[in-house]
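Quick notes on the structure that follows.
The values are calculated or read from the model by the stated rules, or taken from the named source; none is laboratory data. Given the structure is predicted, the values throughout are model-derived calculations rather than measurements. Cβ coordinates were reconstructed from backbone atoms using ideal geometry, including for glycine residues, and neighbour counts include every protein chain displayed. Quick note on the areas: whole protein, heavy atoms, side chains included, nothing else; ligands and nucleic acids left out. Shrake-Rupley method; radii C 1.70, N 1.55, O 1.52, S 1.80 Å.
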Amino acid sequence: MNWRNVPSLAALRAFEAAARHGSFTAAATELNVTHAAIAQHVRTVEAELNTSLLVREGRGMALTDVGAVLSAALSDGFGQIIDGVHAVTADAEARPIALSVTPSFAENWLMPRFADFWTKHPDFGLSINPNVTVIDLRRDGIDLAVRYGKGDWPGLEATYLLPADFTVIAAPSLLEGREIETFRDLDGLPWVFESMHKEARRWVLDSGIDVSKSPVNDVPTFGMVMAAVRAGKALSVASSALVATDINDGNLLGLMQRQPKGLGYYIVHPKGVLSTKARILKSWLLAAV
């Protein structure tokens, strides 16, 4: 598509409005510019096309034959542009916002709080996609995601949401009165980890806990980890934000806590302008903390 020999869209728009109204003044009012600006734009189009498009007729303006052809083409073209913009806007307003989160974050932090969001935005369409894999947000049509890491993902804008401090958790029945004051006091106790959540196991090793002296089990989901821990079968490690309710209710004990430097939960999205709905959801997530 070669635009080199085409007058500017602003000038063409001014001519189309003047031709439709038969008046520079009415066109100026529609486009919120001056009468002189419309006249200048029309003269520019005529000069670039080397032909007369509008002539004075009484108190108004009349189209030449060439002007009538151009006016009709521009009316159709600008009409299609407007229809296309309206279609995109309508689609953005109608389709649900796609939110990608890790399953553990969805289950333990997001969903217990989400009744508040739906109360405030009852007509808000939302599609929640629990996923632990790394995905291409733009390619997969994801508007927002909550991910764990350092917030340095290439090509994405990241906004800090929650700290990523971890807590060693256990059911009171597992300890049976055993005093836990240091990490060494955990030696010999069984552990359970979510196989896809490598951060938890790395945190344990970085904390100096020697799991080689303990029975260790891997399970597929965080829900299974929590079921085993609540049943008193094993210790585990989880983000403090995700187990705060269990600890506050006395279902679990928080034994040790540490916040790895630079790690946290971040709201991420492709760089660029967020839709109105995406901005509403992002603001709610930040306020919910």
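Descriptive notes on the structure:
- Only residues that are hydrophobic (A, V, I, L, M, F, W, C), open to solvent by 10 Å² or more (accessible area, probe 1.4 Å) and in contact with a strand residue (DSSP E or B) (Cβ under 9 Å, 6 or more places away or on another chain) were counted in the range 231-241, giving 1.
- Filtered by the rule that a residue be out of contact with any Pro (no Cβ under 7 Å at 6 or more places or on another chain), at pLDDT 85 or above and assigned to a loop (DSSP other than H, G, I, E, B), the range 234-270 gives ASP249, GLY250, ASN251, LEU252.
- Every pair of residues 6+ apart whose Cβ atoms lie under 7 Å, when the first sits in the range 40-69 and is closer than 17 Å to ARG13 by Cα and at pLDDT 90 or above while the second is in a helix (DSSP H, G or I) and charged (D, E, K, R): SER52/GLU46; LEU53/GLU46
- Some residue of the range 181-195 being in contact with a Phe, Trp or Tyr (Cβ under 7 Å, 6 or more places away or on another chain) and surrounded by 13 or more Cβ atoms within 10 Å (Cβ to Cβ): yes
- Residue in the range 166-210 that is farthest from TYR265 (Cα to Cα), counting only those that are modelled with pLDDT of 80 or more, among the β-branched types (Val, Ile, Thr) and in contact with a helix residue (DSSP H, G or I) (Cβ under 6 Å, 6 or more places away or on another chain): VAL192
- Helices (runs of 4 or more DSSP H) contained entirely in the range 1-69, each with at least 2 residues that are open to solvent by less than 50 Å² (accessible area, probe 1.4 Å) and under 18 Å from GLY79 (Cβ atoms): 9-21, 24-31
- Residues within the range 210-225 that are buried (at least 16 other Cβ atoms within 10 Å of the Cβ) and in contact (Cβ under 8 Å) with a residue 40 or more places away in the chain, tallied: 2
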